[in-house]
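Here is the structure we will look at, set down as structure tokens.
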Amino acid sequence: MATKIVLIGAGSAQFGYGTLGDIFQSATLAGSEIVLHDINPRALAATEQTARDFLAARDLPFTVSATVDRKAALLGADFVIISIEVGDRFALWDQDWQIPLQYGIQQVYGENGGPGGLFHSLRIIPPILEICADIADICPDAWTFNYSNPMSRICTTVHRRFPGLNFVGMCHEIASLERYLPEMLDTPFSNLALRAGGLNHFSVLLEASYRDSGKDAYADIRAKAPGYFEKLPGYSDILEYTRTHGKLVDTEGSTERDALGGADSRYPWADRTLFREILEKFHHLPITGDSHFGEYIRWAHEVSDHRGILDFYSFYRNYLGQVEPVIELKLKERVVPIMEGMLTDAGYEEGAVNIPNQGFIRQLPEFMAVEVPAIIDRKGVHGIRLDMPAGVAGLLCNQVAVHDLTAEAVLQGSRDLVIQALLVDSVNDKCRRIPEMVDLMIDRQRPYLDYLK
């Protein structure tokens, strides 16, 4: 019987075309039935027609169909891939970021951590729970992969509501190691054995060694990273290049220096002034830059590269508004190798998945979704235990109550728990006007937060 893969949110060309290209290049998945689902029928029809034309032009052995009926789409599914947003993404994001700042909370970026990450979670988790309810009812044995953010809060809440669901969070930030370390260490990526972990967008490299010699590589990384990252171009350079030359820059799959023709940055430690503090004071390499990592740390606002963060946001917003996605027979994300690994019983090690903590990071409770490497085989995804240093674990532990209260606020529809989640968040140092801010956000973000009473 053909493997059935369901893409939820496929009306987004960025997600739909990219994931279809990943699937279509796979020999293991050849013959699969792919069902596209979205709540926007016009966008869904465009993705379906593009996929059909692509397959016909290349005579590829896949079948594609589309439906706005989610329950019908899920019938017999083996794999489900979710990537959704609600409402006007950037307008709501602006509110997540700017309204807490107006109330004096010095958060960074406002997408995944801090107050902004909380309100983002409160909007997006309910519809994902509705999707998961259908999966649990219609195809309970399917493996479900989530690309929506805030990743760790989504995964934590889903597993609390549906503990038996095969639900895995996926993020491509781990790919930064493949972009930078070979150039930094002058060795092929295939020669490096690496393990990273923590929480999504809040992970560090924990182990590194050379495969050919078996020698530790972390000493070389610590020695070479300052000189390398101090000069590496960042998004302020990329935004300026884009405006000067009138063309978009795609940095995926290459370093920023490669994308800009080999030039160094005009700004020391561009996008990574917080990253530098973590490397120097905690002695471990973050796998993401200031905008993401800084969302979880109170003092990040003091040391983050705010120019770089603002320029990244401007670039990202413009990029998504101008880029014209196409289907390419090129592997870009990691979900296809995981599906292949399950179907072939590969037993290979995947670099980063977001799954419930089962002793993988001993300092964190089991209910939290953690980001760890995993072994992939026919039985599924098996997390690997990591040795988390005490200092980094301390930063992670600051998120325990926030995740707990976020999940309960969603599941109970509780305004009071939203207020408590903000008051226990180490990013926030305000109290008196927090209830007013919560009420303002509920009012501004109707109807998505109307369930909070």
Peptides ranked, highest mean first, by Cβ atoms within 10 Å: ranges 72-82, 37-47: 72-82, 37-47
For region 36-115, convex hull volume per residue from C-alpha positions, Å³: 140
Mean accessible surface per residue for the chain, computed with a 1.4 Å probe while every protein chain stays in place, in Å²: 41
Sequence of Thr3, Thr244, Thr406 from largest to smallest accessible area, 1.4 Å probe: Thr244, Thr3, Thr406
Alpha-carbon gyration tensor eigenvalues x 5, square-rooted, for region 378-425, Å: 28, 19, 4
Mean projected area (nm²) of the alpha-carbon convex hull when region 180-284 is viewed from all directions: 7.2
Space enclosed by the convex hull of the alpha-carbon atoms of region 351-453, per residue, Å³: 129
Rg and Dmax [Cα atoms of region 269-423; Å; Rg one decimal, Dmax integer]: 18.7, 49
Residue-count net charge about Met368 - beta-carbon cut-off 11 Å; Lys, Arg +1, Asp, Glu -1: -1
Share of carbon and sulfur in the accessible heavy-atom surface of region 17-78 [1.4 Å probe, %]: 52
When region 102-251 is reduced to its Cα atoms, the Kirkwood hydrodynamic radius in Å: 18.8
Antiparallel bridge percentage (DSSP; both residues within region 115-261; nearest 5): 70
Cα-based radius of gyration of region 331-376 once divided by 2.2 N^0.38 Å, which approximates compact folds: 1.28
Long-range Cα-Cα pairs in region 349-403 (distance over 16 Å), rounded percent: 41
Amide hydrogen neighbours beyond the local backbone of Ala66, cut-off 5 Å, H modeled: Leu36
Inverse mean reciprocal Cα-Cα distance (Kirkwood Rh) of region 392-450, Å: 12.2
Of all DSSP beta bridges in the chain, antiparallel share, percent nearest 5: 50
For region 13-170, Kirkwood radius (reciprocal of mean inverse C-alpha pair distance, Å): 17.1
Label corresponding to log10 I(q)/I(0) by the Debye sum over Cα atoms at q = 0.07, 0.10, 0.14 Å⁻¹ when calculated from the structure given, among (i) -0.58, -0.83, -1.18; (ii) -0.34, -0.73, -1.54; (iii) -0.32, -0.66, -1.26: (ii)
Enclosed volume per residue, in Å³, of the convex hull spanned by Cα atoms of region 140-222: 120
Probe 1.4 Å, all protein chains present, accessible-area order of Lys215, Lys430, largest first: Lys215, Lys430
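The values are calculated or read from the model by the stated rules, or taken from the named source; none is laboratory data. Since the model is a prediction, treat every value here as computed from it, not as a measurement. Quick reminder, even Gly has a Cβ in these numbers, built from the backbone with ideal geometry, and neighbours come from all protein chains shown. Accessible surface areas use protein heavy atoms only, side chains included; no ligands, DNA or RNA. Shrake-Rupley method; radii C 1.70, N 1.55, O 1.52, S 1.80 Å.
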